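Colleague: The structure is given below, and queries will be raised subsequently.
The values are calculated or read from the model by the stated rules, or taken from the named source; none is laboratory data. The structure displayed is predicted, hence computed values, not measured ones. Because the Cβ atoms are built from the backbone with ideal geometry, glycine has one as well, and the counts that use them run over all protein chains shown. To get the accessible areas, we keep the full protein, side chains included, count just its heavy atoms, and leave off ligands, DNA and RNA. Shrake-Rupley method; radii C 1.70, N 1.55, O 1.52, S 1.80 Å.
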Amino acid sequence: MQQLDVTDIRILQALSAAPKASAVAIAAELGLSRNTVQSRMARLDLSGALLPFEQRINPAFLGFPLASFVNIHIQQRKLGAIVAKLRLIPEIIEAHGVTGSADILARVVASGAEELFRVNGAILDIDGVERADTSLSMAELIPRRTSTLMAQRLASTQGSPALATAVSHEAH
């Protein structure tokens, strides 16, 4: 994973503020050449810095307004097979291997309580799953965000002579 420089972060901030902006518009806003913006956006996309568009789609608008988090306790030696089976459950929209008492934390969406009950049953039916503890999301208090991280990163690089020189050269 490569580190992003100030110009990369400024481009990401501009994209975050105006996701439909063209490379020409971003270049004009940031005082960069169109080629610089286009090549950096392509590199950011290829590097994995930009997440897939799919992650912007709200499951509630697809008919899945109920969100929950499921702590899944498993037999570790069966992790690979369990993850393969979890991938087959469409309502599991995200899963992470975690530390603590559980082994996997899954974000699950459902159309209602009955469907969530069915999904929990499907999880528990997987060979090697020992237990699943489900917590319903009552409200999203802090939506997924990265703008605060970008601002923090830029603020921490202020005053760096090498970075200031790089930004100055890229702006011309």
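Colleague: State the extension gain, in nm to one decimal, for the chain segment bounded by GLN2 and ASP133, taking 0.36 nm per residue of separation less the distance between their alpha-carbons.
Modeller: Full extension from GLN2 to ASP133 adds 43.5 nm.
Colleague: Could you work out the helix-only [θ] at 222 nm for the chain, with each DSSP H run of four or more residues adding -39,500 (n - 2.57) and the total divided by the number of residues, to the nearest 500 deg cm²/dmol?
Modeller: So the calculated ellipticity at 222 nm is -13500 deg cm²/dmol.
Colleague: Subtract the Cα-Cα distance of HIS73 and SER101 from 0.36 nm times their separation in residues, and report this length gain in nm to one decimal.
Modeller: Fully extending the segment from HIS73 to SER101 adds 9.3 nm.
Colleague: Between GLU114 and GLU94, what's the calculated FRET efficiency when r is the beta-carbon distance and R0 is 22 Å? Round to 0.05.
Modeller: 0.50
Colleague: Still on this structure, I have one more. Around LEU62, with a cut-off of 13 angstrom between Cβ atoms, what is the net charge of the other residues, counting Lys and Arg +1 and Asp and Glu -1?
Modeller: -2
Colleague: Can you grab the distance from the C-alpha centre of the stretch 90-134 to the C-alpha centre of the stretch 12-36, Å, no decimals?
Modeller: Centre-to-centre (Cα) distance: 40 Å.
Colleague: How high is the FRET efficiency from THR148 to LEU46, r the C-beta distance, R0 35 Å, rounded to 0.05?
Modeller: Working from the Cβ atoms, E equals 0.85.
Colleague: Please work out the average accessible area per residue across the chain, using the 1.4 Å probe convention, and give it in Å².
Modeller: On the way: 11380 Å² over 172 residues.
Per-residue value: 66 Å².
Colleague: Turning to a different aspect of this structure: Normalised by the residues of the chain, what does the relative contact order come to in percent, with Cα pairs under 8 Å and at least six apart? Each step should come with its number before you reach the end.
Modeller: Working: 180 pairs, mean separation 45.0, N = 172.
Dividing the mean separation by the residue count of the chain yields 26 percent.
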